[in-house]
Structures are given as C-alpha cells and as structure tokens.
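Asker: Pasting a structure below so you can have a look.
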Amino acid sequence: MTKIYQNSYPAGENAGFTLIELLVVVLIIGILAAVALPQYQVAVAKSRLAAVIPTVKSLSTALEMYYMANGAYPPNGYDIGFDVDLPASCSATNTTVNVTCSNGMIFDIMDYSTGTVFGGNKNVKLGYVIWLTNSPRPGLHQCLAVSSDVTANKVCKSMGGVVSKGQNTSFFADTMKEAITHYDLP
C-alpha cells in the first residue's frame, strides 16, 4: 500500500517563509557584515601601504648608492642625477624634495633632520620609513599611523610593529597635521 503525504497547509495556501525566519536571516547577514567590514578596511589599508613599500626601499637603495659614490647624501632639494621609479602620477621624480601623487601617495625622498626615506598614503593615514645607514637609527624600518585612526594602527600592529621609543620622524605629522604613532618593525 502506498502512502501519499500531503503538506500541512490548508488547501489554497502556498508554502513560504515566515516573517520570523526572514528576520533571522537578515540578522545573521548583518552580524556577518559587521564582523567582515573592519577586516576589509584593514586589508584595503594594508594593500595601499604595500604599494608604497617597494618604492621606499628602492629610494633608500638609490640614496645609499649616491652616498657610496659621493661620500655624503645629496643636499636638500638637490637633483640626485637619476630618476627614481615613482608612480607616473607623482611630481618631482628626480629631486630630494617632497613628492606628491594624485592617488594620495606622498614621498619624502630624504629627510635631512633624521636621515630617513618616507613613503605614505594620506587616504589611509599610513606611512613607511627606512632609516639610512648613516642615520641615528641605521637600517630601522618603521610603520607610521595617524594616532587617532584605529584601522591605521591595526595595520602597523599586524606587521609586527612595536611602538617606537627612539627618535622619530616629523614629515608625516607635518603633512597630516595630526599626531603620529611610530612602530618599529622587525
């Protein structure tokens, strides 16, 4: 004998979701979005900083080569004699003066008060510094974050940064017009 199963709905009504079931689904999606958004913001900020780091490293290498050839770093605002590999949207690609780019990137090819090379992104409030060989903190790499920006500070900490206790730079603070936290990187 074959049994025929019928749905439990009265005749003429369609099966569907209840209001409670829909609200639970919307609540779960909201919770997932609330958890994912901060992580997404950190990932975006980290990728924008990552775009700056190779340029800062190549700039520091170029300045070290200049130092080896001339016995000193180039004077402030001096044409270093060769173009450095900066994004096409940047200004002043062959001097040590401050360089700005249309996408929020900024570079200070040589900070003479500290002996550093800086690159950063104003849009995500992050920067990266390499201290040159003949500076007070030779070979040190630092991540810089606007102190009030939680996401920027998370990026520096995720790179293994520890809040710096030594001499720091001022170019990024002067540019952003905000307090900056320096993180020494491993």
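Computed from the coordinates by the stated procedures, all read-outs in this text should not be read as laboratory data. None of these values were measured; they are calculated from a predicted model. Virtual Cβ from ideal backbone geometry, glycine too; neighbours counted across all protein chains shown.
Asker: Could you check the simple spin-label distance between Ala33 and Ser170, using points 7 Å along Cα→Cβ, in nm with one decimal?
Answerer: Each label point lies 7 Å from its Cα, and together they span 4.6 nm.
Asker: Extending each Cα 7 Å along its Cβ direction at Ala88 and Ser148, get the distance between those two points in nm, one decimal.
Answerer: Modelled inter-label distance: 3.7 nm.
Asker: Enumerate the lysines that Lys57 could reach by cross-link, defined here as Cα to Cα under 27 Å, with residues fewer than 8 away along the same chain left out.
Answerer: Lys46, Lys122, Lys125, Lys154, Lys157, Lys165, Lys177
Asker: Counting Lys and Arg as +1 and Asp and Glu as -1, what is the net charge of the other residues whose Cβ lies under 15 Å from the Cβ of Val124?
Answerer: +4
Asker: May I pose another question? How much length would be gained if the chain were fully extended between Phe17 and Thr133, taking 0.36 nm per residue of separation minus their Cα-Cα distance, in nm to one decimal? The partial results should precede the final answer.
Answerer: Details: separation 116, 0.36 × 116 = 41.76 nm, distance 6.76 nm.
Value of the extension gain: 35.0 nm.
Asker: Quick one: grab the alpha carbon gyration tensor of segment 95-186, order the square roots of its eigenvalues as a ≥ b ≥ c, and give me rounded if a/c is under 1.5, else prolate or oblate depending on whether a/b is larger than b/c.
Answerer: oblate
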